[in-house]
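The values are calculated or read from the model by the stated rules, or taken from the named source; none is laboratory data. As the structure is a prediction and not an experimental result, all values here were calculated from the model. In this analysis, Cβ positions are derived from the backbone assuming ideal geometry, glycine residues included, and neighbour counts consider all displayed protein chains.
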Amino acid sequence: MDVAEDDRLMTAAKLGDLDGIAVLFEKYHQPLLGFFRRLSGQAQLSEDLAQETFWRILRYRKSYDPRRSFRAWMYQIARNVMNDHGRKTTRAGRIFDDRSSEEAELRARSASDVSGEVERSDRAELLRTALSQLPLEKREVIVLCRFEELPQAEIARMLGCSVGALKVRLFRALKDLKDVFVELGGEPAL
């Protein structure tokens with residue numbers, strides 16, 4: 001399914017044909033889980049936030065603008081869901097648990113792997129830890145640009161800035177990520 005098909009399905013959903021939402025859910029459920037996992041580090045929370053995102057897509061389908069891509073609109077909703085969750089949970093304490101069950105499983109598996117695999121998984125774990133220590137705004141820019149690979153113009157529109165400002169934000173976020181990575185013991189060649 002291509003971008004035009006996504007937009008067609010969402011436009012049909014906006015007009016009342018809800019079958020397309022199920023197709024879009026199937027296509028984008030895993031990418032949304034990945035987006036939220038990279039931001040939160042928690043599998044169950046990621047599932048909950050992805051479900052909330054699709055609930056809002058259904059609820060606010062009439063506000064969809066067919067001149068914008070569905071994917072960009074979906075990630076804007078996902079950002080809002082993440083920010084809403086952050087506001088709710090910040091009052092109660094820390095949002096992100098650096099020692100998620102996924103990371104614990106990775107550490108347990110790594111103990112029995114060969115040294116090269118251990119080194120790669122340790123580096124990946126260190127990178128996830130470094131990413132989790134950045135402020136949400138910086139994590140978000142890195143995840144949208146490097147992992148979700150959205151076009152910079154769409155990301156800039158989501159963040160309410162110019163493409164030039166987005167590039168500056170990404171540069172600064174990557175520099176901060178590198179600094180945290182090195183502080184945690186990673187090699188500086190990030």
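Taking the condition of being closer than 19 Å to Leu9 by Cβ, part of a helix (DSSP H, G or I) and small (Gly, Ala, Ser), how many residues in segment 36-74 meet it?
Residues flagged as closer than 19 Å to Leu9 by Cβ, part of a helix (DSSP H, G or I) and small (Gly, Ala, Ser) within segment 36-74 amount to 3.
When Met10 is evaluated against the numbered criteria (1) more than 21 Å from Lys138 (Cβ to Cβ); (2) surrounded by fewer than 20 Cβ atoms within 10 Å (Cβ to Cβ); (3) out of contact with any His (no Cβ under 9 Å at 6 or more places or on another chain), which criterion, by number, is the only one it fails?
(2)
Checking Tyr64 against (1) touching a Lys or Arg at 6+ places or on another chain (Cβ under 9 Å); (2) under 21 Å from Glu137 (Cβ atoms); (3) not aliphatic (A, V, I, L, M): exactly one of these is not met. Which one?
The number of the failed condition is (2).
Give all pairs with beta carbons closer than 6 Å in which a residue from segment 170-185 that is more than 19 Å from Ala124 (Cβ to Cβ) meets a residue that is in a helix (DSSP H, G or I); count only pairs at least 6 apart in sequence or on separate chains.
What qualifies is Leu170/Val141; Leu170/Cys145.
Does segment 23-43 contain at least one residue that is assigned by TED's automatic domain parsing to the domain that holds Val3 and on the phi > 0 side of the Ramachandran plot?
Initial filter on segment 23-43 (assigned by TED's automatic domain parsing to the domain that holds Val3): 23-43.
Filter once more, so that each one left must be on the phi > 0 side of the Ramachandran plot: 41.
Yes.
Specify the residue that is farthest from Lys88 (Cα to Cα); the eligible residues are those in segment 13-63 that are among the aliphatic types (A, V, I, L, M) and surrounded by fewer than 20 Cβ atoms within 10 Å (Cβ to Cβ).
Looking at the filtered set, the residue picked out is Leu15.
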